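Here the structure is laid out as structure tokens; the discussion comes afterwards.
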Amino acid sequence: MQQPGAVTRADAYRTQTHSIAQTAVQNIFENAMTEICSLSLTQAAQALQKKELSAVDAVTACLARMDATEPRIAAMLTVDREGALAAAAALDKEGPNPAKPLWGVPVTVKDALSTKGLRTTAGSRILENYTPFYDAFAVQQLREAGAVILGKNNMDEFAMGSTTENSSYQTTRNPRDVNRVPGGSSGGSAASVTAGQCFASLGTDTGGSIRQPASLCGCVGLKPTYGRVSRYGVIAYGSSLDQVGPLTRSVEDCARVLGVIAGHDQRDGTCAPRPVDDYVTALNSKPLKGARLGIPKEFFGEGLAPEVRAVCQNAMSIAQAQGAELVEVSLPHTDAAIATYYIIAMAEASSNLARFDGVRYGRRAADIKNLEDLYVRSRTEGFGQEVKRRIMLGAYVLSSGYYDAYYRKAAQVRRLIRDEYLAALDKCDALWAPVSPVPAWNVGSLTADPLQMYLMDAYTLSLNLAGLPGLSMPVGVGAESGLPVGMQLFGKAFAEGELLSLGHALEQVLPGVGAPAL
Ligand code: GLN
């Protein structure tokens, strides 16, 4: 735990003393800072409340960690150094407040969430110079709970992708092995949390974008039930699928952040007017002993890499030894999920992205001849290749001649998928399955093959189609690659409390992956 002495050392560093003394002080400072960044959010929040750590020192430590790790992982698109230090100084002046559960805690936020006065690009050139004048609901909740926002995380453009390689700005690297992708589209968030640059991040999950990067980097990620967290201020991809959720280094940390960002918000008509559970208190409510975990057999088919299968099997036998009951269940339409998801997500994307016309938001082409030229050139210059592909496919499946064959059919299959989930969940407390068929792959290895890339999402997409919650957490390390492997717990609508409690119990008994990395 951080001692008050570190405060003086950090102060010494900030005043920039000279020469040999400076090098010595800097070394002490770096060790002290790394120590702060190795705390969990829960530990840091407690130390902050007890004044064992000041908000300014927590922020300084994370910024120093960013300076040290960013050249290798490129997880950030915008860092708000001054804003974060000023917010922390203001908090220190007020003093800790137990009513603010994240008082002084430094966090980062995926660049898909609007942040007042802070550039928000969604990973796209079309929003290169866009600065929102309001906060997304989830961001507002973080600030009200006392969290300090350090900056914005890299992501696939408009959250379309599984690696962050579709970002128009940079490719984020996996902190566990910088030759590998961190997953996507919230890859910047997962990498930032895993490298100890912050204590938590917010991501968005339309088809796996929180759970899959959490799994590939070896951290925890939760996609809440559709409607649990307001989408107000989230740059939309697929509106009927998108959900905001936390990425953290432990399940308990995840419970703390979810408790802050969940809740009713009238500005999102799909947000549930339902009280928020006390997720932290509920953490010990669901012991493994006697828990019924459904294992969907379709998730253990041929596509699953042998080392991922082995890690999952080991995790399942540990759970069994702890008294959990594993029951086989079936989700027969799992193989239709990829086609169904991509039809619905692309259709919604083509409609959502129509608003970027060069008139109202972001980039506008120069020297335009007429209105059509303005639209065409602004969009041609502003959108990347994958976004263009999806707008075209989305417009195609919605066109009058093809609507019934594609979009309507997909909506019907979506219903079947949801019903299958609900039937399986009737037989058990939660479902438990791998997140990604393979551990993190090499940067660049799939970029030329978009179809292969879509197949990587096979285990995550169906949950969004069903609108249900999913908690992804590390369950071990692959014997061959040495990389983290994650599994996800699926629950009934609004059963986040149960999932977190089961995840917390599992975390105590499963092999960890070691965090932070780098
Ligand atoms: N990889 C999926 C896609 O490209 C999911 C992305 C997401 O959840 N935002 O659509």
Output for region 427-483, where each listed residue is of a type in the set (Phe, Trp, Tyr) and at pLDDT below 95: TYR454
Matching option when the condition is open to solvent by less than 60 Å² (accessible area, probe 1.4 Å) and not in a loop (DSSP other than H, G, I, E, B), among ARG414, ARG418: ARG414
Could you list, in sequence order, all residues of region 330-382 that are touching a strand residue (DSSP E or B) at 6+ places or on another chain (Cβ under 9 Å) and surrounded by fewer than 20 Cβ atoms within 10 Å (Cβ to Cβ)? SER330
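Out of all the residues in region 275-313, which are part of a loop (DSSP other than H, G, I, E, B) and of a type in the set (Asp, Glu)? Show your work before the answer.
Of all residues in region 275-313, those part of a loop (DSSP other than H, G, I, E, B) come to 275-280, 285-291, 301-305.
Those that are part of a loop (DSSP other than H, G, I, E, B) and of a type in the set (Asp, Glu): ASP277, ASP278, GLU302.
What's the total number of residues in region 458-482 that are in a loop (DSSP other than H, G, I, E, B) and surrounded by fewer than 23 Cβ atoms within 10 Å (Cβ to Cβ)? Spell out how you get there, then give the answer.
Looking only at region 458-482, we keep the residues that are in a loop (DSSP other than H, G, I, E, B), and these are 458-460, 467-469, 478-482.
Now restrict to residues that are surrounded by fewer than 23 Cβ atoms within 10 Å (Cβ to Cβ): 458, 467, 478-482.
Of the residues in region 458-482, 7 are in a loop (DSSP other than H, G, I, E, B) and surrounded by fewer than 23 Cβ atoms within 10 Å (Cβ to Cβ).
Which of the residues spanning region 146-170 are farther than 23 Å from PRO106 by Cβ, of a type outside the set (Asp, Glu) and over 15 Å from the mean Cα position of the chain (by Cα)? I'd like the intermediate steps shown before the answer.
Pass one, region 146-170, residues farther than 23 Å from PRO106 by Cβ: 156-163, 165-166, 168.
Then drop every residue that is not of a type outside the set (Asp, Glu), which leaves 158-163, 166, 168.
Matches in region 146-170: ASN166, SER168.
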Say whether the condition of being within 16 Å of the ligand (Cβ to nearest atom), under 23 Å from GLY486 (Cα atoms) and among the polar types (S, T, N, Q) is met by at least one residue in region 430-442. yes
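Among the candidates ALA282, ALA321, single out the residue that is of a type in the set (A, V, I, L, M, F, W, C) and open to solvent by 80 Å² or more (accessible area, probe 1.4 Å).
Details: ALA282 fails: open to solvent by 80 Å² or more (accessible area, probe 1.4 Å).
After applying the criteria, what remains is ALA321.
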Need the failing condition index for ARG389 against (1) surrounded by 15 or more Cβ atoms within 10 Å (Cβ to Cβ); (2) at pLDDT 95 or above; (3) in contact with a helix residue (DSSP H, G or I) (Cβ under 9 Å, 6 or more places away or on another chain), just the number. (1)
Please verify whether PRO213 is within 20 Å of SER250 (Cβ to Cβ) and either of a type in the set (Phe, Trp, Tyr) or away from the ligand (no atom under 12 Å from the Cβ) (or both), treating the condition exactly as stated. no
Just to be sure I understand the filter: pairs with C-beta atoms under 8 Å, separated by 6 or more residues or on different chains, first member in region 439-450 and within 28 Å of MET473 (Cβ to Cβ), second member at pLDDT below 95 and loosely packed, with under 15 Cβ neighbours inside 10 Å. Which pairs pass? LEU446/GLN452
Qualifying residue in region 492-513 (condition: basic (Lys, Arg), touching a residue at least 24 places away in the same chain (Cβ under 8 Å), under 30 Å from HIS264 (Cβ atoms) and open to solvent by 10 Å² or more (accessible area, probe 1.4 Å)): yes
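Take GLY218 and tell me if it is crowded, with 24+ Cβ neighbours inside 10 Å, within 12 Å of the ligand (Cβ to nearest atom) and either farther than 29 Å from PRO511 by Cα or not charged (D, E, K, R) (or both).
Values: crowded, with 24+ Cβ neighbours inside 10 Å: yes; within 12 Å of the ligand (Cβ to nearest atom): no; either farther than 29 Å from PRO511 by Cα or not charged (D, E, K, R) (or both): yes.
Spelling it out, it is not the case that GLY218 is crowded, with 24+ Cβ neighbours inside 10 Å, within 12 Å of the ligand (Cβ to nearest atom) and either farther than 29 Å from PRO511 by Cα or not charged (D, E, K, R) (or both).
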Looking at region 392-404, is at least one residue hydroxyl-bearing (Ser, Thr, Tyr) and touching a residue at least 12 places away in the same chain (Cβ under 8 Å)? no
Please tell me if ASP268 is charged (D, E, K, R), more than 11 Å from the chain's Cα centre (by Cα), farther than 27 Å from GLN43 by Cα and within 16 Å of the ligand (Cβ to nearest atom). no
When you go through (1) assigned to a helix (DSSP H, G or I); (2) open to solvent by 20 Å² or more (accessible area, probe 1.4 Å) one by one for ALA138, which number turns out not to apply? (2)
Residue identified as closer than 24 Å to LEU258 by Cβ, over 20 Å from the mean Cα position of the chain (by Cα) and outside any loop (DSSP other than H, G, I, E, B) among ALA89, ALA61, ALA47: ALA47
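Let me confirm something: among SER201, SER185, SER168, SER189, which residue is surrounded by fewer than 24 Cβ atoms within 10 Å (Cβ to Cβ) and within 16 Å of the ligand (Cβ to nearest atom)?
Working: SER201 fails: surrounded by fewer than 24 Cβ atoms within 10 Å (Cβ to Cβ); SER185 fails: surrounded by fewer than 24 Cβ atoms within 10 Å (Cβ to Cβ); SER189 fails: surrounded by fewer than 24 Cβ atoms within 10 Å (Cβ to Cβ).
Residue meeting the stated conditions: SER168.
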Pairs, please: C-beta under 7 Å, at least 6 apart or cross-chain, first residue over 14 Å from CYS271 (Cα atoms) and more than 9 Å from the ligand (Cβ to nearest atom) and in region 237-250, second open to solvent by 20 Å² or more (accessible area, probe 1.4 Å) and among the hydrophobic types (A, V, I, L, M, F, W, C)? ARG249/ALA515
Filtering region 247-260 down to residues that are within 18 Å of THR281 (Cα to Cα) and not polar (S, T, N, Q) yields VAL251, GLU252, ASP253, CYS254, ALA255, ARG256, VAL257, LEU258, GLY259, VAL260
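The values are calculated or read from the model by the stated rules, or taken from the named source; none is laboratory data. This one's a predicted model, so the numbers in the text were calculated from it and none came from an experiment. Cβ coordinates were reconstructed from backbone atoms using ideal geometry, including for glycine residues, and neighbour counts include every protein chain displayed. Each accessible area value is taken on the protein alone, full model and side chains, heavy atoms only, with ligands, DNA and RNA left out. Shrake-Rupley method; radii C 1.70, N 1.55, O 1.52, S 1.80 Å.
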